[in-house]
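Written below as structure tokens is the structure these notes are about.
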Amino acid sequence: MARVLRPKDRDVTAERLLDSSMRNAYDPDVDIDWDAPLVEGKGFMPEERVSLYGTPLWDRLTPSQRLELAKHEIGSITSVGLWTEIVLMQLLARYAADLDPRSPHTHYALTEIGDETRHAIMFGKGIARLGLPAYGPPRVVRLPAKLFGAVIGGPAMFASVLVVEETTDRLQRSMLDDESIQPMIRMINRIHVVEEARHVRYAREELVRGLTSLRGPALELHRLVTALVAYAVINVLVHPGVYAAVGLDPREARAVALTNPHHRESRRWMAEKIVAFLTEVGMIGGPSKRIWQKAYLL
Ligand SMILES: [Fe+2]
Ligand SMILES: [Fe+2]
């Protein structure tokens, strides 16, 4: 990825991505059997990725409480992911508005908005099907995101998008071949993993192109924005309400999760690939690197 990508390559990549989108796309409305009953005893996410896994609090939960907590956690993570996709649609729409409408690069940006629209509906249906609350991020994150969606562009935008897409992608990928997970969740993950791979390619290349002319205070600003997005999103993935859903004190359980070495390791694991990439291209570095450490992503 360290090679230099020129603007004309944009359309070459976009042509490939458009072609792949045409050949390999899903319609969650028909590709997922929304009426199929859940499978008794199957899980909702890998146990070892649940935020309390390995703590004394976890040990005290019954098997059915653990299953229920996993269901609420995946629901919370999904609801935050869904919300970030809507913010991403706003970013991409603003981005595409200023591009040449004749170019494949623009067409792919618009195609991606279409993908994210279907994903957001798919995730919303999944959360409803599991009978879960619409957790989502707290107001303290929603409000600045309105401003973020309206003004951010360039490398900080593509890097932020990648952080969200690639961290959740890692978790979803780990469930694809896991027979112990509910089939509906595996199918949602499969659809998402296939389509996100294209989004990741698009954003990674565009980020590299944008970075070639970025240095000094401007680079630090883009790094800072990306670090803050990573910090904010990773911290709100698990809503404290998930603990209350299994009868735990939300404050206490959240505090336990944040100091849980397994959970910290899961965060690092989720971010591992994107952190390596952003470090390689120079998007992680300088003073804002500390924020990544504070979020347990480094
Ligand atoms: Fe998506
Ligand atoms: Fe995406």
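Read-outs: derived from the displayed coordinates by stated rules, not from any lab. What you see is a predicted model, and the numbers here were worked out from it, not measured in a lab. Ideal geometry is used to build each Cβ from the backbone, glycine not excepted, and the neighbour counts take in all protein chains shown.
Per residue of segment 13-20, in order, report the coupling 6.51 cos²θ - 1.76 cosθ + 1.60 (Karplus, θ = phi - 60°) as ³J(HN,Hα) in whole Hz, putting x for Gly and Pro.
Rounded to whole hertz, the list is 4, 4, 4, 4, 5, 5, 5, 5.
Can you figure out the FRET efficiency of Glu252 with Ala25, using R₀ = 41 Å and their beta-carbon distance, to the nearest 0.05?
After rounding to 0.05, the efficiency reads 0.40.
Tell me, how many Å apart are the Cα centres for segment 63-96 and for segment 234-255?
With segment 63-96 and segment 234-255 each reduced to a Cα centre, they are spaced 16 Å.
Give the Rg (one decimal place) followed by the Dmax (whole number) of segment 174-269, computed from C-alpha coordinates and expressed in Å.
Final numbers for Rg and Dmax: 18.3, 53 Å.
Filter the chymotrypsin sites (Phe, Trp or Tyr not before Pro) in segment 58-100 down to the DSSP loop ones having no more than 15 other Cβ atoms within 10 Å, then list what survives.
Hits after loop and neighbour filter: nothing returned.
Per the Cauchy relation, a quarter of the hull surface: what is the mean projected area of the convex hull of the alpha carbons in segment 44-194, in nm²?
The orientation-averaged projected area of the Cα hull of segment 44-194 comes to 10.0 nm².
Take the chain, connect every pair of alpha-carbon atoms lying under 10 Å apart with a spring to form a Gaussian network, then pick out the residue of Gly216, Gly154, Gly114 with the largest mean-square fluctuation.
Top of the fluctuation ranking is Gly216.
Which of the lysines could a cross-linker span from Lys294 if the Cα-Cα distance has to be under 21 Å and same-chain partners fewer than 8 positions apart are dropped?
Here the lysines satisfying the reach criterion relative to Lys294 are Lys273.
Would you please name the trypsin sites (Lys or Arg not before Pro) within segment 45-148 that are DSSP coil residues with at most 11 other C-beta atoms within 10 Å of their C-beta?
Here the trypsin sites (Lys or Arg not before Pro) that fit, given the DSSP loop and packing criteria, are Arg102.
Considering the options Ile234, Pro217, Leu298, tell which one lies farthest towards the positive end of the dipole of segment 142-298, charges being +1 on Lys and Arg and -1 on Asp and Glu at the Cβ, about the Cα centre.
It is Pro217, whose Cα lies furthest towards the positive end.
Using C-alpha positions alone, give me the convex hull volume of the chain per residue in cubic angstrom.
Expressed per residue, the convex hull around the Cα atoms of the chain is 125 Å³.
Around Ile181, which amide H atoms from residues at least 5 apart in sequence, or from another chain, sit under 5 Å from its own amide H, with H modelled in the peptide plane?
For Ile181, whose amide H was placed from the backbone, the distant partners under 5 Å are Gly43.
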